[in-house]
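Structure first, then comments.
The values are calculated or read from the model by the stated rules, or taken from the named source; none is laboratory data. From a predicted model like this one, the values you see are computed outputs, not experimental measurements. Here the Cβ positions follow ideal geometry from the backbone for every residue, glycine too, while neighbour counts run over all protein chains shown.
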Amino acid sequence: MAEPIFGIWDYIIMSATMIASVLIGLYFRFSGGKQKTNDEYLLADRNMSIFPVAVSLMASFMSAITLLGVSAENYYYGMIFIVINISYGIATPIASKLYLPVFFGLQKTSTYEYLELRFGPRIRVLASLTYTLQMVLYNGIVLYAPAIVLESVTGLDRLISILVVGLACTFYSTLGGMKAVLFTDLLQSFLMFVAVFSIVIFASVQLGGFEQIFIKAREGGRLDFSNFSVDPTERHTWWSLIIGGCVTYLSLYAVNHTQVQRLQTVSTLDRSQKCLWWSWPVLSVLSFATCTSGLSMYAVYEDCDPLASKRISAIDQLMPYYVVDVMKSVPGLAGLFVAGIFSASLSTISAACNALAAVTLSDYVGRWCKVNPSYVPWLTKLAACAFGLVFLALAFIAEHLGGVLQAALTIFGAVGGPLLGLFTLGMFTTYANEMGVSVALLSGMAMTLWISFGGPRPSPVKLPVSVEGCPFNGTLPIQTPSQPSDYFYLYRISYMWTSPIGFIWVLVVGSVISLIWKQQQPWQKAGHTHPDPALFTPPLASRLRLRNEEKPSIQMETTTAR
């Protein structure tokens with residue numbers, strides 16, 4: 001455990017963050033409609049402003065794990081990762097114009113209600129359970145990760161950290177509902193930016209100028225953007241970052257219930273699309289800043305790498321180590337950093353509590369039980385609270401799970417591609433049926449999880465580091481890298497390709513099985529001859545409406561002729 005470096009100002013800043021979040025929850029509990037209806041509790045009465053929703057879209061999945069991981073990524077593997085921002089620019093109009101209108105037009109509480117309308121009840125339950133498991137595992141880790149940071153920075157026991165953050169988050173998201181979640185996301189996003197910018201600014205001052213960061217990064221080979229290889233076994237290339245980034249972004253922002261629920265908190269489709277468009281620059285600015293913070297730390301430690309010199313044991317500890325090592329000289333700066341890291345987790349967890357409560361009431365309780373409508377808001381709040389406590393329990397046992405931590409994060413990535421493929425088949429084709437998409441989803445997830453978990457797999461090759469400037473006379477250990485050909489091909493594929501593989505697998509397998517194994521569609525079972533255009537992406541919906549208008553006129557002409 002590190003020597004405690006927190007001073008009075010650090011504790012004041014940290015406490016103020018927690019208190020402000022709780023007060024926002026209390027305010028929305030006792031103001032407006034007082035969260036008495038499910039529409040207000042889960043969807044903020046669909047009258048939110050664009051800006052808080054846009055920022056919340058970014059904050060919902062920009063967790064502490066992301067901030068710590070992306071900065072270390074740029075330090076040890078170079079800044080080519082920043083190319084992924086191009087994919088966000090490509091995917092935003094796709095999500096906005098092709099997927100969002102379908103969900104917004106249906107106005108359903110749960111995203112997975114769409115699947116029952118389009119395919120049938122079994123695939124809805126299957127997809128909903130997949131999402132629930134995915135989010136529960138991920139958020140347990142999201143709560144655990146910053147607790148380790150606080151322990152390394154302040155010496156405060158991680159269990160106390162988990163309790164403070166977990167209970168505060170559960171409290172305000174349960175009481176204040178979606179409005180509290182959105183407005184606390186606004187505060188917490190500001191603190192996330194402050195945490196990352198504080199590292200860049202402090203390093204710039206320390207190095208004698210902002211430009212020194214990039215001069216030293218270039219000398220260290222961190223600014224090489226020349227990898228246009230199409231080889232899927234190379235970790236980061238322009239192709240893997242743009243294509244893989246596109247599919248990952250769409251799996252989160254186009255069809256993930258957590259985001260779709262937020263996009264329905266505004267009054268019109270046009271406003272909802274603007275929320276998505278405005279979240280893109282907010283996400284990109286934070287991404288650029290986080291990438292630059294990694295280069296900043298490299299410039300400071302170019303002659304004495306903390307990992308190689310055994311000062312840290314994992315690359316994710318790099319950012320908190322920098323705070324302990326360098327920023328402790330300024331009162332309050334460490335507190336700001338930790339507040340920012342915690343805020344990243346708070347925003348993700350509160351989003352999950354609210355989203356999972358909506359799914360639980362809509363997909364499970366409302367489906368299998370007859371509930372008095374007056375009890376529904378209370379049951380929803382109980383569900384949100386219960387999920388917060390489940391995250392707490394998972395965080396407490398996370399330190400004993402070992403490799404399962406990485407496994408939970410891998411599941412999150414591996415499930416996204418197949419689920420995107422499922423919704424895409426539903427919205428972009430009329431032939432896909434429940435049997436075809438069910439087999440495709442299960443086999444697609446089996447494939448992506450096999451690729452993600454299978455082993456042994458080669459370790460990614462880090463860029464060179466130095467320990468020549470360290471106070472001890474040590475040398476870097478000589479490593480003999482194993483040959484890539486020593487490993488099974490699928491285990492060498494870059495993690496950036498996992499989601500695209502799952503996405504394409506579901507599209508192909510779902511199409512083939514649906515075309516071979518004919519099955520009645522829900523609209524046919526209901527006695528209709530034509531599918532409801534509202535279930536399809538706008539270009540296809542327009543064609544279906546045109547076809548539906550033409551067929552009655554053809555029938556009338558035939559009748560007249562007779």
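Being of a type outside the set (A, V, I, L, M, F, W, C) and part of a helix (DSSP H, G or I) is the filter; apply it to the stretch 285-302 and report the residue that is nearest to the chain's Cα centre (by Cα). Before you say what the answer is, go through the steps one by one.
Of all residues in the stretch 285-302, those of a type outside the set (A, V, I, L, M, F, W, C) come to 287, 290, 292-294, 296, 298, 301-302.
Filter again for part of a helix (DSSP H, G or I), leaving 287, 290, 292-294, 296, 298.
On the way: Ser287: 13, Thr290: 16, Thr292: 21, Ser293: 21, Gly294: 20, Ser296: 25, Tyr298: 26 Å.
It comes out as Ser287.
Within the span defined as the stretch 323-338, every residue fails to be of a type in the set (Ser, Thr, Tyr) and either in contact with a strand residue (DSSP E or B) (Cβ under 9 Å, 6 or more places away or on another chain) or at pLDDT 85 or above (or both).
Restricting attention to the stretch 151-161 and to residues that are under 14 Å from Met18 (Cβ atoms) and surrounded by fewer than 22 Cβ atoms within 10 Å (Cβ to Cβ), the residue that is modelled with the highest pLDDT turns out to be Ile160.
Reported count of residues in the stretch 267-284, each being outside any helix (DSSP H, G or I) and touching a residue at least 12 places away in the same chain (Cβ under 8 Å), is 1.
Test of understanding: among Leu186, Leu137, which residue is surrounded by fewer than 24 Cβ atoms within 10 Å (Cβ to Cβ), within 30 Å of Ile213 (Cβ to Cβ) and of a type in the set (A, V, I, L, M, F, W, C)? Steps first, please.
On the way: Leu137 fails: within 30 Å of Ile213 (Cβ to Cβ).
Criteria check complete, one pass: Leu186.
For the stretch 409-442, the set of residues classified as over 18 Å from Tyr491 (Cα atoms) and of a type in the set (Gly, Ala, Ser) consists of Gly416, Gly421, Gly426, Ala432, Gly436, Ser438, Ala440, listed by residue number. Quick check: is even one residue across the stretch 254-266 within 18 Å of the chain's Cα centre (by Cα) and either under 30 Å from Asp224 (Cα atoms) or without any contact (Cβ under 8 Å) to a residue 40 or more places away in the chain (or both)? No, that holds for no residue. Scanning the stretch 519-543 for residues that are more than 16 Å from Tyr114 (Cα to Cα), surrounded by 11 or more Cβ atoms within 10 Å (Cβ to Cβ) and modelled with pLDDT under 90 yields a total of 5.
Tell me, which residue of the stretch 430-455 that is outside any helix (DSSP H, G or I) and surrounded by fewer than 19 Cβ atoms within 10 Å (Cβ to Cβ) is modelled with the lowest pLDDT? It would help to see each step written out before you state the result.
Narrowing the stretch 430-455 to residues outside any helix (DSSP H, G or I): 430-433, 454-455.
With the extra rule that they be surrounded by fewer than 19 Cβ atoms within 10 Å (Cβ to Cβ), the set shrinks to 430-431, 454-455.
Numbers: Thr430: 93, Tyr431: 93, Gly454: 80, Gly455: 76.
The extreme case among them is Gly455.
Look at (1) modelled with pLDDT of 75 or more; (2) crowded, with 16+ Cβ neighbours inside 10 Å and you find that Ala408 fails only one, number (1).
Take Trp378 and decide whether it is modelled with pLDDT of 80 or more and out of contact with any Ser or Thr (no Cβ under 9 Å at 6 or more places or on another chain).
Numbers: modelled with pLDDT of 80 or more: yes; out of contact with any Ser or Thr (no Cβ under 9 Å at 6 or more places or on another chain): yes.
Yes.
Residues in the stretch 331-364 that are of a type in the set (A, V, I, L, M) and out of contact with any Ser or Thr (no Cβ under 9 Å at 6 or more places or on another chain): Ile341 alone. Kindly evaluate Phe28 against the criterion of being in contact (Cβ under 8 Å) with a residue 40 or more places away in the chain, in contact with a Gly (Cβ under 8 Å, 6 or more places away or on another chain), surrounded by 15 or more Cβ atoms within 10 Å (Cβ to Cβ) and not in a helix (DSSP H, G or I). Considered against the rule, which asks whether it is in contact (Cβ under 8 Å) with a residue 40 or more places away in the chain, in contact with a Gly (Cβ under 8 Å, 6 or more places away or on another chain), surrounded by 15 or more Cβ atoms within 10 Å (Cβ to Cβ) and not in a helix (DSSP H, G or I), Phe28 comes out as no.
Provide a single number: the residues in the stretch 185-236 that are assigned to a loop (DSSP other than H, G, I, E, B) and either in contact with a Leu (Cβ under 8 Å, 6 or more places away or on another chain) or touching a residue at least 24 places away in the same chain (Cβ under 8 Å) (or both).
Residues of the stretch 185-236 assigned to a loop (DSSP other than H, G, I, E, B): 208-210, 220-236.
Now drop any that are not either in contact with a Leu (Cβ under 8 Å, 6 or more places away or on another chain) or touching a residue at least 24 places away in the same chain (Cβ under 8 Å) (or both), which leaves 220-225, 227, 232-236.
The qualifying residues number 12.
Does Phe423 satisfy being modelled with pLDDT of 95 or more, over 13 Å from Val508 (Cα atoms) and not acidic (Asp, Glu)? Spell out how you get there, then give the answer.
Values: modelled with pLDDT of 95 or more: yes; over 13 Å from Val508 (Cα atoms): yes; not acidic (Asp, Glu): yes.
So Phe423 fits the description; yes.
Apart from one condition, Ala314 fits all of (1) surrounded by fewer than 19 Cβ atoms within 10 Å (Cβ to Cβ); (2) touching a helix residue (DSSP H, G or I) at 6+ places or on another chain (Cβ under 7 Å); (3) of a type in the set (A, V, I, L, M); the exception is (2).
Taking the condition of being outside any helix (DSSP H, G or I) and more than 30 Å from Phe103 (Cβ to Cβ), how many residues in the stretch 237-258 meet it? Even if it seems obvious, please write down each step before you answer.
Kept after step one, since they are outside any helix (DSSP H, G or I), are these residues of the stretch 237-258: 237, 254-256.
Keeping just the survivors that are more than 30 Å from Phe103 (Cβ to Cβ) gives 237.
The total comes to 1.
So is Ser345 of a type in the set (Ser, Thr, Tyr), surrounded by 24 or more Cβ atoms within 10 Å (Cβ to Cβ) and modelled with pLDDT under 85 or not? Please lay out each step first, then the result.
Working: of a type in the set (Ser, Thr, Tyr): yes; surrounded by 24 or more Cβ atoms within 10 Å (Cβ to Cβ): yes; modelled with pLDDT under 85: yes.
So Ser345 passes the test.
Does Gly33 satisfy the condition of being surrounded by fewer than 18 Cβ atoms within 10 Å (Cβ to Cβ) and either over 15 Å from Phe183 (Cβ atoms) or at pLDDT 95 or above (or both)? For Gly33, the condition - surrounded by fewer than 18 Cβ atoms within 10 Å (Cβ to Cβ) and either over 15 Å from Phe183 (Cβ atoms) or at pLDDT 95 or above (or both) - is met.
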